[in-house]
Amino acid sequence: MSWLFLSLALQPALEEGPSVPLPCKEPYFLTASATGKFVAVGEAKAVHVLDGQTLGLLAKIDLECTAVGFDERDETFTAVGAALVRLETAGWRETLRGPLMQASFAKKDSRFPKTGIRFPDSVVQAHREGLEPGQALVTPKGEVYYRSKGGQLSVATVEGEAVKSSVLSEGRSGPVEGLEVEGVLAVSGETAVVEIDRITGVVLKGKIYSLAASGEPLAAASFGKRVALVMKEKDGAYDTTSWKCLEQQEAENEAAAFDVKRGWVFASGKGALRAWNAFNSGVEARYGKAAGRFTHLAVDGASTSLYAADAKTLLSWRLKD
């Protein structure tokens, strides 16, 4: 109860940090590391790794990725694309490259905007480069959850110098026929929170389920016994035991990130940045000095910094109690 009380009382304050021009014209994703040492900006064919404090460029890694992540000590960097690739962050030397069993990643912008129906591969490849972001998730423990053949969910782990994969969902399972995993949002215990056909779902005990009252998701994170979910037109929270919706409110969101340490959810939309409490979505903080149309947000695992990308700039703020 004391931790919950403090999380409700301590609205995060933002202290302006460095800002730099984006290292690429069109960022596909923005990922902050576990300790705050690094922040990664992904584009179609490369990932730019920057210093988390100064935003100075440290490395450009030429890989086509759908997701990247760092281990809990920021000693390794993992990229997920045609293969699982791992590098040491001391010197950015590649230490592992292995296949992901039956991985199936869609190209960037490969769906019709309103219906979600896939364009033919020949059309997509002629007009877009790179992979649709968010089709995999790298955990701080080094596990990789990813979309596999047939719209299923698989997980890969590294054992020695080998990549071992297994399928977590079983065919067209679940109460609704034909559910397919489109993206991986979060992991809570033994359950994965996923995007399925432009709504939110979970993969639980080998089956794919849709979440009641959910919409098209942007991001999700686990806060103990609940998961906070940011959707394009809603904010919500779900109980991780029953997966029932605990609370929900209308919103217009374009990007989101999570301060798990303090229990807050950052969301941007309509040119505004706000934060709402993961345990009470009615408790909000708004940041007038941090206005802008942010297409990507990220918070590092240590909850020290918030990062945001707009059309041309990468911005940062230090998170203060």
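The values are calculated or read from the model by the stated rules, or taken from the named source; none is laboratory data. Predicted model, so just to flag it, every value in this text is computed and none were measured. Glycine also receives a Cβ, built like all others from the backbone with ideal geometry; neighbour counts cover every protein chain displayed.
Restricting the search to the stretch 24-42, which residues are more than 16 Å from C65 (Cα to Cα) and touching a residue at least 24 places away in the same chain (Cβ under 8 Å)? Talk me through it step by step, then tell me what you get.
To start, the set of residues in the stretch 24-42 that are more than 16 Å from C65 (Cα to Cα) comprises 25, 33-38.
Once the filter is applied, which keeps residues that are more than 16 Å from C65 (Cα to Cα) and touching a residue at least 24 places away in the same chain (Cβ under 8 Å), the stretch 24-42 yields S33, A34, T35, G36, K37, F38.
Name every residue in the stretch 30-40 that is surrounded by fewer than 20 Cβ atoms within 10 Å (Cβ to Cβ) and either of a type in the set (V, I, T) or part of a strand (DSSP E or B) (or both), in order of residue number.
T35 - this is the single residue of the stretch 30-40 that is surrounded by fewer than 20 Cβ atoms within 10 Å (Cβ to Cβ) and either of a type in the set (V, I, T) or part of a strand (DSSP E or B) (or both).
Could you tell me whether any residue of the stretch 287-295 is at pLDDT 90 or above and over 23 Å from A67 (Cα atoms)?
Yes - at least one qualifying residue is present in the stretch 287-295.
Check Y238, Y209 and return the single one that is in a strand (DSSP E or B) and surrounded by fewer than 22 Cβ atoms within 10 Å (Cβ to Cβ).
Only one candidate passes the filter, namely Y209.
State whether the residues of the stretch 51-63 include one that is within 23 Å of T157 (Cβ to Cβ) and either among the charged types (D, E, K, R) or modelled with pLDDT of 95 or more (or both).
Step one: filter the stretch 51-63 for residues within 23 Å of T157 (Cβ to Cβ), giving 61, 63.
Still in the list and also either among the charged types (D, E, K, R) or modelled with pLDDT of 95 or more (or both): 61, 63.
Yes, there is a match, as at least one residue in the stretch 51-63 is within 23 Å of T157 (Cβ to Cβ) and either among the charged types (D, E, K, R) or modelled with pLDDT of 95 or more (or both).
Taking G282 as meeting all but one of (1) at pLDDT 95 or above; (2) small (G, A, S); (3) more than 25 Å from G36 (Cβ to Cβ), write down the number of the exception.
Going through the list (1) at pLDDT 95 or above; (2) small (G, A, S); (3) more than 25 Å from G36 (Cβ to Cβ), G282 breaks only (1).
Applying the selection to the stretch 41-64, what residues are assigned to a loop (DSSP other than H, G, I, E, B) and not aliphatic (A, V, I, L, M)?
If the condition is that a residue be assigned to a loop (DSSP other than H, G, I, E, B) and not aliphatic (A, V, I, L, M), then E43, K45, G52, Q53, T54, G56, D62, E64 are the ones that fit.
Run down S222, S303, S210 and say which single residue is hydroxyl-bearing (S, T, Y) and farther than 20 Å from F70 by Cα.
S210
How many of the residues making up the stretch 267-319 are of a type in the set (D, E) and within 14 Å of Q11 (Cα to Cα)?
Qualifying residue count for the region: 1.
Here are some conditions: (1) at pLDDT 85 or above; (2) in contact with an Asp or Glu (Cβ under 9 Å, 6 or more places away or on another chain); (3) farther than 20 Å from F38 by Cα. S104 meets all but one. Which one does it not meet?
The number of the failed condition is (2).
Got a number for residues in the stretch 292-321 being in a strand (DSSP E or B) and surrounded by fewer than 17 Cβ atoms within 10 Å (Cβ to Cβ)?
Result for the stretch 292-321: 3.
Quick grid of which residues meet (1) among the basic types (K, R); (2) under 22 Å from H296 (Cα atoms); (3) assigned to a strand (DSSP E or B):
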residue: G142; (1), (2), (3): no, no, no
residue: S166; (1), (2), (3): no, no, yes
residue: L179; (1), (2), (3): no, no, no
residue: G183; (1), (2), (3): no, yes, yes
residue: V187; (1), (2), (3): no, yes, yes
residue: A219; (1), (2), (3): no, yes, yes
residue: A228; (1), (2), (3): no, yes, yes
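So for the stretch 70-93 (the condition being hydrophobic (A, V, I, L, M, F, W, C), part of a loop (DSSP other than H, G, I, E, B) and modelled with pLDDT under 95), does at least one residue qualify?
For the stretch 70-93, residues hydrophobic (A, V, I, L, M, F, W, C), part of a loop (DSSP other than H, G, I, E, B) and modelled with pLDDT under 95: present.
Counting only residues that are closer than 28 Å to A106 by Cα and either of a type outside the set (V, I, T) or in contact with a Leu (Cβ under 9 Å, 6 or more places away or on another chain) (or both), how many does the stretch 42-80 have? Full working, then the answer.
From the stretch 42-80, those closer than 28 Å to A106 by Cα are 42-50, 59-71, 76-80; that's our starting set.
After this cut, where a residue has to be either of a type outside the set (V, I, T) or in contact with a Leu (Cβ under 9 Å, 6 or more places away or on another chain) (or both) as well, the list is 42-50, 59-67, 69-71, 76-80.
The number of residues fulfilling the criteria is 26.
If you go through the stretch 265-289 one residue at a time, how many are over 11 Å from D235 (Cα atoms), hydrophobic (A, V, I, L, M, F, W, C) and not in a strand (DSSP E or B)?
Of the residues in that region, 1 qualify.
Find the residue count for the stretch 181-196, including only residues that are of a type in the set (D, E, K, R) and either within 16 Å of G150 (Cα to Cα) or touching a residue at least 40 places away in the same chain (Cβ under 8 Å) (or both).
The qualifying residues number 2.
Is there any pair with a first residue in the stretch 43-57 that is buried (at least 16 other Cβ atoms within 10 Å of the Cβ) and a second that is among the aromatic types (F, W, Y) whose Cβ atoms are under 6 Å apart and which are 6 or more apart or on different chains, and what are they?
Filtered contacts from the stretch 43-57: E43/Y28; V49/F38; G52/F38.
Name the pairs whose Cβ atoms lie under 6 Å apart, with the first residue in the stretch 197-224 and more than 22 Å from F258 (Cα to Cα), the second outside any loop (DSSP other than H, G, I, E, B), and 6 or more positions between them or separate chains?
Sorted first by the residue in the stretch 197-224, then by its partner, the pairs are L204/T191; I208/G201; Y209/G201; Y209/V202; S210/I199; S210/G201; A212/C245.
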